[in-house]
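Okay, structure first, notes after.
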Amino acid sequence: MRETKVMCESCGSYLSLDNALFDEHVEVFFCQDDCLYEWADDHFEEIVEQYKSFRVYAG
């Protein structure tokens with residue numbers, strides 16, 4: 001059986017699907033926490049808007 005490989009959205013490296021972090025909202029993979037954090041820094045406004053839409057309620 002062949003192992004499924006995915007690409008880290010931040011650094012572009014390939015890794016086993018079983019070892020990847022997955023963001024189900026934007027459907028991207030990361031190889032480690034540092035890559036997730038780097039990607040999140042680059043997409044800060046998008047992440048804040050997503051967070052607000054799911055967790056912040058007015059009045």
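Find the residue count for region 23-41, including only residues that are under 9 Å from the mean Cα position of the chain (by Cα) and part of a loop (DSSP other than H, G, I, E, B).
Qualifying residue count for the region: 4.
In region 47-59, how many are farther than 27 Å from S16 by Cα and outside any loop (DSSP other than H, G, I, E, B)? Outline the logic, then answer.
Filtering region 47-59 down to residues farther than 27 Å from S16 by Cα leaves 48-59.
Remaining after also requiring outside any loop (DSSP other than H, G, I, E, B): 48-55.
The total comes to 8.
Across region 18-59, what is the number of residues that are among the hydroxyl-bearing types (S, T, Y) and under 29 Å from K5 (Cβ atoms)? Give the derivation first.
First, pick out the residues of region 18-59 that are among the hydroxyl-bearing types (S, T, Y): 37, 51, 53, 57.
Now narrow it down to the ones that are under 29 Å from K5 (Cβ atoms): 37.
Within region 18-59, residues that are among the hydroxyl-bearing types (S, T, Y) and under 29 Å from K5 (Cβ atoms) number 1.
Going residue by residue through region 12-19, is there one that turns out to be surrounded by 11 or more Cβ atoms within 10 Å (Cβ to Cβ), under 13 Å from the mean Cα position of the chain (by Cα), free of Cβ contacts under 8 Å to residues at least 40 places away in the same chain and part of a loop (DSSP other than H, G, I, E, B)?
no
Read-outs throughout are calculated quantities, based only on the coordinates presented, and are distinct from any laboratory measurement. Every value quoted in this text rests on a predicted model; they were computed, and no experiment measured them. Note that each Cβ is placed from the backbone with ideal geometry, even for glycine, and that neighbours are counted across all protein chains shown.
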